[in-house]
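One structure below.
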Amino acid sequence: WRRTYNDLRNDAVARLSSLKSNGILTATNVLTESLRLLQCAGGYLPDDDGNIYRSNPNAKIDTLRDILEDIKRPCIIWTSFVIEAEEVFALLNTMKRTAVLHQGKRSDKDRAAALEEFKSGGCQFFISTTASAREGITLTVADTVIYYSRNWNLLNWLQSQDRAHRIGQTRPVTILSLVAEDTIDIRVAKALHNKITLQE
């Protein structure tokens, strides 16, 4: 998978360099290439036909599994991509741990039911993409937050953290971020730490 990531990165650099030399490089071009690299760093790579290729083994999933073994209290797990949220949910099922999946492609009713189940103690893990649950909900039942992946969206990063930091939180909140070594994850982590936006 490392070779796949490196090939993808080299192809992205070549495409962007070509666009730049022709004077047609846009922020959209850069974002598209960046998102592909982020997906690959997470262990998943969709092609243009909608097929999804998976890293096997997946270092992030394996690391997450190790972390989850030690978590006994309610926990929030954020992802950048729907496929990642679904895979994390599947992982928890194989571990016989209770979880709900809260994401944009589910109905409002299903999302509300998932939120209520987590808040009422009906399950231990709340899994969502940062884009679909970053605002308007309180998740102070959890004092552990795990980011399986992050992207360049500073607002998603800050708002999703706030879900566990709202009024009513009585415990210190632990935040863990999984970062794949020597990948775009490192750049994203530095940008978010320095509160640099995608536009910048």
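The values are calculated or read from the model by the stated rules, or taken from the named source; none is laboratory data. In this text the structure is predicted, and so the values were computed from the model without any measurement. Note that each Cβ is placed from the backbone with ideal geometry, even for glycine, and that neighbours are counted across all protein chains shown. These area figures cover heavy atoms from the full protein model, side chains too; ligands, DNA and RNA do not enter into them. Shrake-Rupley method; radii C 1.70, N 1.55, O 1.52, S 1.80 Å.
Just a few scattered comments:
- Residue pairs whose Cβ atoms lie under 7 Å apart, sitting 6 or more positions apart in sequence or on different chains, and linking a residue in the stretch 18-45 that is closer than 18 Å to GLU84 by Cβ to a partner that is of a type in the set (Asp, Glu), are ALA41/ASP185; GLY42/GLU84; TYR44/GLU84.
- From the list THR144, THR130, THR98, the lone residue that is farther than 26 Å from SER34 by Cβ and within 18 Å of the chain's Cα centre (by Cα) is THR144.
- The stretch 114-134, residues that are of a type in the set (S, T, N, Q) and not in a helix (DSSP H, G or I): SER120, GLN124, SER128, THR129
- Residue satisfying condition, being open to solvent by 70 Å² or more (accessible area, probe 1.4 Å) and in contact (Cβ under 8 Å) with a residue 40 or more places away in the chain, within set ALA59, ALA85: ALA59
- Conditions (1) within 20 Å of ALA131 (Cα to Cα); (2) open to solvent by 40 Å² or more (accessible area, probe 1.4 Å); (3) of a type in the set (D, E, K, R): number failed by ARG65: (1)
- Tabulated pairs, the stretch 122-144, first on the phi > 0 side of the Ramachandran plot, second open to solvent by less than 10 Å² (accessible area, probe 1.4 Å) and not acidic (Asp, Glu), C-beta under 9 angstrom, 6+ apart or interchain: none
- Checklist (1) among the aromatic types (Phe, Trp, Tyr); (2) open to solvent by 20 Å² or more (accessible area, probe 1.4 Å); (3) touching a residue at least 60 places away in the same chain (Cβ under 8 Å) applied to TYR53, failing item: (3)
- Residues of the stretch 103-144 that are in contact with a helix residue (DSSP H, G or I) (Cβ under 8 Å, 6 or more places away or on another chain), modelled with pLDDT under 85 and open to solvent by 30 Å² or more (accessible area, probe 1.4 Å): GLY104, LYS105, ARG106, SER132, ARG134, GLU135, THR138.
- Residue selected from the stretch 157-178 under the condition part of a loop (DSSP other than H, G, I, E, B) and open to solvent by 60 Å² or more (accessible area, probe 1.4 Å), by the criterion modelled with the highest pLDDT: PRO172
- Breaking point among (1) exposed (fewer than 15 other Cβ atoms within 10 Å of the Cβ); (2) among the small types (Gly, Ala, Ser); (3) under 20 Å from ALA164 (Cα atoms), for ALA99: (1)
- Selection within the stretch 70-108 - among the small types (Gly, Ala, Ser) and touching a strand residue (DSSP E or B) at 6+ places or on another chain (Cβ under 9 Å): SER80, ALA85, ALA99, GLY104
- For the stretch 54-102, a residue qualifies if it is of a type in the set (Lys, Arg) and at pLDDT 95 or above, and the qualifying residues are LYS60, ARG65, LYS96, ARG97.
- Residues located in the stretch 145-156, provided they are in contact with a strand residue (DSSP E or B) (Cβ under 7 Å, 6 or more places away or on another chain) and open to solvent by 20 Å² or more (accessible area, probe 1.4 Å): ARG150
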